[in-house]
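One structure is given here, and the rest of the page talks about it.
What follows is calculated from the coordinates using simple rules that are stated; it is not laboratory data. Because the structure is a prediction, the values reported are computed rather than measured. No Cβ is skipped: glycine too gets one built from the backbone with ideal geometry, and neighbour counts run over all protein chains shown.
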Amino acid sequence: GQSLEQPSEVTAVEGAIVQINCTYQTSGFYGLSWYQQHDGGAPTFLSYNALDGLEETGRFSSFLSRSDSYGYLLLQELQMKDSASYFCGGIGAGSYQLTFGKGTKLSVIP
Amino acid sequence: DTAVSQTPKYLVTQMGNDKSIKCEQNLGHDTMYWYKQDSKKFLKIMFSYNNKELIINETVPNRFSPKSPDKAHLNLHINSLELGDSAVYFCASSQEGQGDGYTFGSGTRLTVV
């Protein structure tokens, strides 16, 4: 089975940097994904780490350390529109199903 | 063109009824999924299905059944609806095993009264 843990809520100031952590326990692991979901909307793909290290996509970066079973999503130059829920997800060996953590609600304040 | 479309967007029904939610994808993906998102926003995988196998999450009641007429469609049929089935149901698709390519539909908000 798999479980992914992430903080339930984070608040940050517009223009700042925020890091959302994700730790996981899974029997076999193919990589860590991050998805964004605005209230009333659908989850949308942000980033994927198949290998250890940092992946950068514009203002968003994601990091994975397999030895620590840990990853994070880094959001820079926060904007009000970044207020949303962020989910980390992983695919375990044999299941080919993306399992999500419980999500982190990010509130960006002026 | 909508990549993953599901209908209806809203569904209100009484306990005990049977209902279906339809999903179609035009991305050419080989695997489709159903997720349930409860009031606490927890996204829980229910099923994954490709032309090879159906994987059912062990916690899903057998009142829920996926039906796939072809690889572009995966419908969700629910029998004997219960109050606890009220949630938002998301359909998604991807190429098998790739965590970076899940595309979600816009969701169906099911309310059981």
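Brief remarks follow.
- Partners of residue A:81 within straight-line reach, counting aspartates and glutamates whose Cα lies under 17 Å from its Cα and excluding those fewer than 8 residues away in the same chain: A:9, A:14, A:39.
- Neighbour-count ranking [beta-carbon atoms within 10 angstrom, fewest first] of A:8, B:39, A:85: B:39, A:8, A:85
- Mean Cα-pair separation over length for chain B, i.e. relative contact order, pairs under 8 Å, 6 or more apart, %: 38
- The protein assembly as shown: Cα Rg divided by the 2.2 N^0.38 Å rule of thumb: 1.01
- Distance between the C-alpha centres of region B:35-113 and region A:47-76: 28 Å, rounded to the whole angstrom.
- Distant alpha-carbon pairs in chain A (separation over 21 angstrom), percent: 30
- In order through region A:44-57: 3J(HN,Hα) via Karplus (6.51 cos²θ - 1.76 cosθ + 1.60), integer Hz, x for Gly, Pro: 10, 5, 10, 7, 9, 10, 8, 10, 4, x, 9, 10, 10, 9
- Structure note, pairs B:19/B:71; A:102/B:36; A:102/B:19: Cα-Cα distances above 19 angstrom occur for B:19/B:71; A:102/B:19.
- Considering only B:59, B:31, B:103, the Gaussian network model of chain B with Cα springs below 10 Å gives its largest mean-square fluctuation to B:59.
- Prolate/oblate/rounded label for region A:34-89 (Cα gyration tensor, a/c 1.5): prolate
- Descending principal axes extents, chain B, alpha-carbon based, whole Å: 37, 30, 28
- Inter-label distance, residue A:59 to residue B:65: 4.8 nm, where each label sits 7 Å from its Cα along the C-beta direction.
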